[in-house]
Amino acid sequence: MSTNPPAKRRAKRPNYLSTTNACKLCTPLGACLAFKGIEGAVPYLHGSQGCATYMRRYIISHYNEPIDIASSSLSEKHAVYGGGPNLKLGLTNVAAKYRPQLIGIATTCLTETIGDDVRMYLHQYAEDTKGSVGLPTLVHVATPSYAGTHMEGFHAAIRAVVAQLSEGGPLTGAINLLPGFVSSADYRLLRQIMADFGLDGSMLPDLSETMDGPALVTYEKIQGGGTPLAAIRAMGRSRATIEFGPTLVATGGTVLAEKFGVPHHRLGMPVGIRETDAFFHLLEELSGRPTPEKYAKERGRLVDAYVDGHKYVFGKRAVVYGEEDLVVGLCSFLAEIGIRPVLCASGGTSGKLEQAVAAVTADTLPEQPQVFEGMDFFEISEMAQQLEPDLVVGHSKGYPLARKLHVPLIRVGFPVHDRIGGQRLLHLGYAGAQQLFDTVTNAMIQKKQDDSPVGYFYM
Amino acid sequence: MDATALKEREGQIVVKGEAPFAIVCNKDSLAGAVSQRACVFCGSRVVLYPIADAVHLVHGPIGCAVYTWDIRGALSSGPELHRLSFSTDLQERDVIFGGEKKLLAALRELIERHAPKAAFVYSTCIVGIIGDDLEAVCRQVEAEYGIPVIPVKSEGFKGNKRAGYQAACDALFRLIGTGDTTGISPYSLNILGDFNLAGEIWMIRDYYRQMGIEVVANITGDGRVADIRRAHGAALNVVQCSGSTMRLADMMEEKYGIPSLRVSYFGIEDMAEALYDIARFFKDPAIMERTKAIVEAEVKQLAVALEPYRQALAGRKAAIYVGGSFKAFSLVKAFRLLDMQVVMVGSQTGTREEYEELEAITDPGTIIVDDANPLELTSFLTEKEVDIFVGGVKERPIACKLGIGFCDHNHERKEPLAGFAGMLNFAREVHASVMSPVWQFVPRKKGAEPTR
């Protein structure tokens, strides 16, 4: 551990035109994941075959769970004459084979560029199939991959689902929870928290079961679990919406507020004690109940752990990258345990990242980190080398960076392609903070131990 | 099977022995059928990607580049430029106003930064639509920097993966013939269609070295631009994974008169046959002697090492679903060597001839399938009570969810499965999956607790 306070080190941001090793994915992938968290849903890409296959492969490598993404499989003639007929044929085939409750249709760069009017095609399809029974509900979202990242795609899909399905009417007393894209374990935890507060929660999406299911005797065409359609329809009648994501703008939550007047509470992702406290305070307010003892105890153990481990992490310098809202949450957590984020980077371009990081760290950090949007791993790597970090925090695509810097990589978020169990990583709540804290602290201890010439085996 | 297959797909599924063999294949994937296939771009990308000293720039929105970042375990003994994922990351304004300027600037930047020996520029779906003139941009950059800058016509929607192989072969063909061939031995060959997954091409090259044959170019595993440029000086093309590079061999035969041999490096039988075929081609008794010595030594060693695996695995059932069907032949034979029974075999992009050959070497009752989808695959796996399924990443969760053993025989594998040593690794992999005690807990086994 360094004995002197580290000198201020800033790095120069490079400015390149080409992208090398992107720190983002494309919009339709996010839309597919969002649709996959709806009960009985099949994600459907209106585009060429490769998109669906690549995304399935990418998602499977994280979850090791089946994910079927249907495709219009457009060929050259469809690109010239329009993809409408293939879209309709594809929908019919998916409806026949999967018997889904919902097909979530996302466009791709191909169909956006040729100007396919999906809304019109779906209108025609509804006319063509009038009187048919058992047809799935169709939801569509425009996700051209040349605009935004997978997170824009994810939130656009949630917004589209809510805008196209939710209805108004008499209040139900339910609480809408729009957590954004978190791990299956996180969704599970959130559901439990809502239940423990006695709240009737409608969480959208819910990937806790659909992308982390049990071993089965017969293959399920569509994996069980996910947000029920009935719950989505009723979201316009809930008494409040809680949405995680300080960098978001127009979302499912804003649609519900504007269209149906559902009060909208936007919070940061509850990563670490302070952001989780904010979430729990809101739940106390909405439920009229104190935080259940189970969570009070969890928090107590967490504080105790922070104290036990504080000196192993204090003053360490971290590079944090990934999806913007997750980066904000992670920075809040790292700052509160005494780690200094020195570089926060995202492939996203919300324009709000720096401000959002400052909002959760300004009172704790002696010096604000350098925060950049629109970064790729080549740029992150160049800057990181000047910043001499002690750890790297993000998804597994930062492994080459951590390897080059000879520092531990703390794997969080999506994707985790080089370990099993990415879907079981817990980030949220006191339990998530506990897992993160133990992982980070032990990584620091192990690094020191491994680097030690003595090979001691006592902390 | 009716319950699982869409009517339009019935011709693409055949059971050996039920009727005269006729399979429908090489057709476009059906909309909405969730094909395991990828696209033209994917085909080109996987073939060219292992060329380690070239810049591989994907011209398009970010997805195509990011999903293929270091996608294969293709190893390099030197430069590792191929492991970087370069993209022009086209944005909305580029789609509206054209992406040529951005492409030009990106190419200059990357060439100046990395000093590559060549650059490949891949077109993606929308490049084909917005009409960027890749040829012109590449020509200009080629003139500026004096290295080959080659457009790859890989717009995703213009066919399937096979069309992508063709586009890759076309790109390679532009390189070949531009290098100096002096000093190449008359006993020389190019290795086509091995991608050096887990270092496989190094094992193969070592066999050739021991036989006394010079390898001119690896196409494309551990590939180098300079080697490929002089590949037309080799006496023979040895083609593995024929689906991807056979076409290149044909083009080289036509233009440079280089004959080719189709081989497979998987399994003892095919590996030995490959080396003997090559030795026979050169008609040199000394080479044949050395080849015999290699094969005998390897086989002798292997037979002993394989025996415990064979005893443990005999009678177990296997299913195979791979990209190209040529690999499926070798897998069928490899399973037979272990006394295992292949009950299903299929591929994404097999040709009629290949399926006919598969039909000839499989047992009656074996399901043969073209361009299958997850629902079909699961029904075959359960119906046939399979013990191990061989496939790629997309097939893995299907097997796992049903509690069936799995062997990854695709791009991501980290264990070499080619060559004689590869056969032993293969047996180990199959054994490690089939013999695991975890199957006692899966619901598929009678008596286990149901989980849902």
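When the residues of the range B:27-44 are narrowed to those that are farther than 18 Å from A:P66 by Cβ and facing chain A (nearest Cβ under 7 Å), which ends up surrounded by the fewest Cβ atoms within 10 Å (Cβ to Cβ)? Break it down stepwise before answering.
Pass one, the range B:27-44, residues farther than 18 Å from A:P66 by Cβ: B:27-31, B:39-44.
If we keep only those that are facing chain A (nearest Cβ under 7 Å) as well, we get B:28-31, B:39, B:41-42.
On the way: B:D28: 18, B:S29: 23, B:L30: 21, B:A31: 28, B:C39: 33, B:F41: 34, B:C42: 26.
Step by step, filter the range B:27-44, then rank; the result is B:D28.
Among (1) part of a loop (DSSP other than H, G, I, E, B); (2) within 30 Å of B:E155 (Cα to Cα), there is one condition A:Q124 misses while meeting the rest; what is its number?
Exception for A:Q124: condition (1).
Would you point out the residue of the range B:92-129, among those that are more than 10 Å from chain A (Cβ to nearest Cβ), under 28 Å from the mean Cα position of the chain (by Cα) and of a type in the set (G, A, S), that is nearest to A:G47 (Cα to Cα)?
That would be B:S123.
Here's the yes/no breakdown for (1) more than 25 Å from B:P61 (Cα to Cα); (2) hydroxyl-bearing (S, T, Y):
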{"site": "A:F377", "(1), (2)": "no, no"}
{"site": "A:R403", "(1), (2)": "yes, no"}
{"site": "A:P415", "(1), (2)": "no, no"}
{"site": "A:S452", "(1), (2)": "yes, yes"}
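Six or more apart or on different chains, Cβ under 6 Å: which pairs go from a residue in the range B:329-340 that's at pLDDT 90 or above to one that's surrounded by fewer than 18 Cβ atoms within 10 Å (Cβ to Cβ)? Could you list them?
B:V332/B:I361; B:K333/B:E269; B:L338/B:R310; B:D339/B:R310; B:D339/B:A314
Every residue in the range A:409-436 that is over 17 Å from the mean Cα position of the chain (by Cα) and in a loop (DSSP other than H, G, I, E, B), please.
A:D418, A:R419, A:I420
Among the residues of the range A:17-65, count how many are closer than 24 Å to A:A231 by Cβ and either facing chain B (nearest Cβ under 7 Å) or small (G, A, S) (or both).
7
Which is closer than 25 Å to A:Y16 by Cα and not hydrophobic (A, V, I, L, M, F, W, C), of A:G374, A:G421, A:G429, A:G413?
Step by step, each of A:G374, A:G421, A:G429, A:G413 is checked, and only A:G374 is closer than 25 Å to A:Y16 by Cα and not hydrophobic (A, V, I, L, M, F, W, C).
Among the residues of the range A:95-121, how many are within 14 Å of chain B (Cβ to nearest Cβ) and assigned to a loop (DSSP other than H, G, I, E, B)?
6
For residues in the range B:213-230 being within 20 Å of the chain's Cα centre (by Cα) and not hydrophobic (A, V, I, L, M, F, W, C), which is nearest to B:S44 (Cα to Cα)?
Top of the filtered list is B:T220.
With respect to B:E142, determine if the residue is surrounded by fewer than 18 Cβ atoms within 10 Å (Cβ to Cβ), in contact with a strand residue (DSSP E or B) (Cβ under 9 Å, 6 or more places away or on another chain) and assigned by TED's automatic domain parsing to the domain that holds B:K101. Give the steps one after another, and end with the answer.
Working: surrounded by fewer than 18 Cβ atoms within 10 Å (Cβ to Cβ): yes; in contact with a strand residue (DSSP E or B) (Cβ under 9 Å, 6 or more places away or on another chain): yes; assigned by TED's automatic domain parsing to the domain that holds B:K101: yes.
Here the answer is yes, as B:E142 does meet what is asked.
Could you list, in sequence order, all residues of the range A:342-394 that are over 22 Å from A:A147 (Cα atoms) and within 14 Å of chain B (Cβ to nearest Cβ)?
Hits for the range A:342-394 are A:S381, A:E382.
Restricting attention to the range A:111-123, does a residue exist that is more than 19 Å from the chain's Cα centre (by Cα) and of a type in the set (G, A, S)?
Taking every residue of the range A:111-123 in turn, at least one turns out to be more than 19 Å from the chain's Cα centre (by Cα) and of a type in the set (G, A, S).
Among (1) outside any loop (DSSP other than H, G, I, E, B); (2) without any contact (Cβ under 8 Å) to a residue 60 or more places away in the chain; (3) crowded, with 18+ Cβ neighbours inside 10 Å; (4) within 12 Å of chain A (Cβ to nearest Cβ), where does B:H82 come up short?
Of the numbered conditions (1) outside any loop (DSSP other than H, G, I, E, B); (2) without any contact (Cβ under 8 Å) to a residue 60 or more places away in the chain; (3) crowded, with 18+ Cβ neighbours inside 10 Å; (4) within 12 Å of chain A (Cβ to nearest Cβ), the odd one out for B:H82 is (4).
When you look at A:P290, is it without any contact (Cβ under 8 Å) to a residue 60 or more places away in the chain and surrounded by 24 or more Cβ atoms within 10 Å (Cβ to Cβ), yes or no?
Against the criterion (without any contact (Cβ under 8 Å) to a residue 60 or more places away in the chain and surrounded by 24 or more Cβ atoms within 10 Å (Cβ to Cβ)), A:P290 does not qualify.
Could you list, in sequence order, the residues of the range B:51-79 that are surrounded by 23 or more Cβ atoms within 10 Å (Cβ to Cβ) and more than 10 Å from chain A (Cβ to nearest Cβ)?
B:I51, B:A52, B:A54, B:H56, B:H59, B:A74, listed by residue number.
The values are calculated or read from the model by the stated rules, or taken from the named source; none is laboratory data. The structure displayed is predicted, hence computed values, not measured ones. Neighbour counts are summed over all protein chains in view; Cβ atoms, including those assigned to glycine, are modelled from backbone coordinates with ideal geometry.
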